[in-house]
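**Student:** Provided herewith is a single structure, encoded as structure tokens, for subsequent inquiry.
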Amino acid sequence: MLVDAFSRRFTYLRLSITESCNFRCTYCLPDGNDCNSRSGEITLPEIKRLVTAFAKLGTKKVRITGGEPALRKDLCEIIATCKAVPGIEKVALTTNGYRLKRDAEALKAAGLDAINVSIDSLDAATFHLVTGQDKLAEILEGIEYAQAVGIKQVKINTVLLRQHNALALPDFQQFVKDRPVSLRFIELMRTNDNTAFYQKQHLSGSSIQQTLLEQGWQLQAKGISDGPALEYSHADYQGKIGLIMPYSKDFCADCNRLRVSSQAKLFLCLFTEQHQNLRHLLASDDPEPVMQFLQAAILTKAETHYLLDDNSGSTRHLAMIGG
């Protein structure tokens, strides 16, 4: 099993398959990608070998991230490959949703169990301002279609931005009232390229958390392979509301996830200083070298990230590893 020096068990792999993205979100890639961001992307055979090694060490869930994963033409093959690995129980996808209406049926057929779609505002003009794309209506239609074709779990990711959605909680609550989706507010995190933006836009999720509790929302228990969100439900709502607050006390205490980038580099933490190259170990079908590498690496994982010390490691931007 993958257990670190602080007795945390790692059952969840977040696998980025590209740094490229066709959106220009203000908090991530406001100037777009550099021209070389797609060179050397992890290949399908490498993904199979990587996920096999992780599964043999107890990984149960794989989340495919980016960048924007739908820019990979072999996305469905990647999903099917991950789902076919013995021991992998759940394959999820994080996407901006721009192709969801067109691809949902194929994603479901490939074996996709869950999908997270990034929507930072339910107001079309604000959505356009934040993302650089006027596609809110199309993405919302895609979410409905994904549910219609039977994708089991649909979630929406909303980055908290002081100037754009600080007062939008009632709108988001109304959205989930009659929809079986989970909407998660994610605190903006400081990376190496967004310090000024972070200082201007960062908004703590604690005020939303307090409002939810005052309104009778109840905290739900986490599953062993669930992510970091604190998820709340309410008897009057079909959907749920979650909070991801990386600046909160003890956020890292129940960490259960590791990350591998589209360049086949291991990230022990989203904000680590060092990224350990796995590519030379993925040339062979033998999983043992990868397993040994992971078991040694996990023992060097720090107890916490150092965001509260204004240290974001060497993470250039969130598209680099998918958040």
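**Student:** Residue by residue through segment 113-142, note down the ones that are over 17 Å from the mean Cα position of the chain (by Cα), closer than 22 Å to residue 91 by Cα and β-branched (Val, Ile, Thr).
**Tutor:** Residue satisfying the conditions is 139 alone.
**Student:** Could you list all residues from segment 244-290 that are of a type in the set (A, V, I, L, M, F, W, C), under 26 Å from residue 44 (Cβ atoms) and in a loop (DSSP other than H, G, I, E, B)?
**Tutor:** 264, 268, 270, 278, 282, 283
**Student:** Please give the number of the condition residue 64 fails out of (1) of a type outside the set (Asp, Glu); (2) under 20 Å from the mean Cα position of the chain (by Cα); (3) at pLDDT below 95.
**Tutor:** (3)
**Student:** Suppose we filter segment 2-14 for residues that are open to solvent by less than 40 Å² (accessible area, probe 1.4 Å), assigned to a strand (DSSP E or B) and in contact with a Gly (Cβ under 8 Å, 6 or more places away or on another chain); how many remain?
**Tutor:** Summing the residues that are open to solvent by less than 40 Å² (accessible area, probe 1.4 Å), assigned to a strand (DSSP E or B) and in contact with a Gly (Cβ under 8 Å, 6 or more places away or on another chain) in segment 2-14 gives 2.
**Student:** Let me ask something else about it. Where residues in segment 138-156 are open to solvent by 10 Å² or more (accessible area, probe 1.4 Å) and in contact with a Gly (Cβ under 9 Å, 6 or more places away or on another chain), which of them is farthest from residue 238 (Cα to Cα)?
**Tutor:** Here the residue is 138.
**Student:** Hey, another quick one. Please determine, by comparing only the residues of segment 183-193 that are touching a helix residue (DSSP H, G or I) at 6+ places or on another chain (Cβ under 9 Å) and open to solvent by 10 Å² or more (accessible area, probe 1.4 Å), which one is farthest from residue 97 (Cα to Cα).
**Tutor:** Top of the filtered list is 190.
**Student:** Could we say that residue 53 is crowded, with 21+ Cβ neighbours inside 10 Å and either assigned to a helix (DSSP H, G or I) or at pLDDT 95 or above (or both) here?
**Tutor:** When the stated conditions are applied, residue 53 passes them.
**Student:** Answer yes or no as to whether residue 93 is modelled with pLDDT of 95 or more, open to solvent by 20 Å² or more (accessible area, probe 1.4 Å) and of a type outside the set (Lys, Arg).
**Tutor:** Answer is no for this residue.
**Student:** Then there's this: So if I check each of 191, 211, which one is of a type in the set (S, T, N, Q), over 21 Å from the mean Cα position of the chain (by Cα) and at negative phi?
**Tutor:** Residue meeting the stated conditions: 211.
**Student:** Within segment 222-240, count every residue that is part of a loop (DSSP other than H, G, I, E, B) and open to solvent by less than 50 Å² (accessible area, probe 1.4 Å).
**Tutor:** Matching residues across segment 222-240 total 7.
**Student:** For residue 233, state whether it is in contact with a strand residue (DSSP E or B) (Cβ under 8 Å, 6 or more places away or on another chain) and within 30 Å of residue 300 (Cβ to Cβ).
**Tutor:** So residue 233 does not fit the description; no.
**Student:** Please determine whether any residue of segment 23-35 is open to solvent by less than 10 Å² (accessible area, probe 1.4 Å) and either at positive phi or modelled with pLDDT of 90 or more (or both).
**Tutor:** Within segment 23-35 (the criterion being open to solvent by less than 10 Å² (accessible area, probe 1.4 Å) and either at positive phi or modelled with pLDDT of 90 or more (or both)), the answer is yes, since at least one residue qualifies.
**Student:** Taking the residues in segment 99-119 that are part of a helix (DSSP H, G or I) and among the acidic types (Asp, Glu) as candidates, determine which candidate is farthest from residue 69 (Cα to Cα).
**Tutor:** Going through the qualifying residues, I end up with 105.
**Student:** Looking for whichever is out of contact with any strand residue (DSSP E or B) (no Cβ under 8 Å at 6 or more places or on another chain), of a type in the set (A, V, I, L, M, F, W, C), open to solvent by 20 Å² or more (accessible area, probe 1.4 Å) and in a loop (DSSP other than H, G, I, E, B) here; the options are 129, 122. Which one fits?
**Tutor:** The unique qualifying residue is 122.
**Student:** I'd like the full set of residues that are under 19 Å from residue 217 (Cβ atoms) and assigned to a helix (DSSP H, G or I), limited to segment 140-194.
**Tutor:** Within segment 140-194, 165, 169, 170, 171, 172, 173, 174, 175, 176, 177 qualify.
The values are calculated or read from the model by the stated rules, or taken from the named source; none is laboratory data. Note that the structure is predicted; figures quoted are calculated from it, not measured. Note that each Cβ is placed from the backbone with ideal geometry, even for glycine, and that neighbours are counted across all protein chains shown. Ligands, DNA and RNA are stripped out before the accessible areas are found, and what is left, the full protein with its side chains, is counted by its heavy atoms. Shrake-Rupley method; radii C 1.70, N 1.55, O 1.52, S 1.80 Å.
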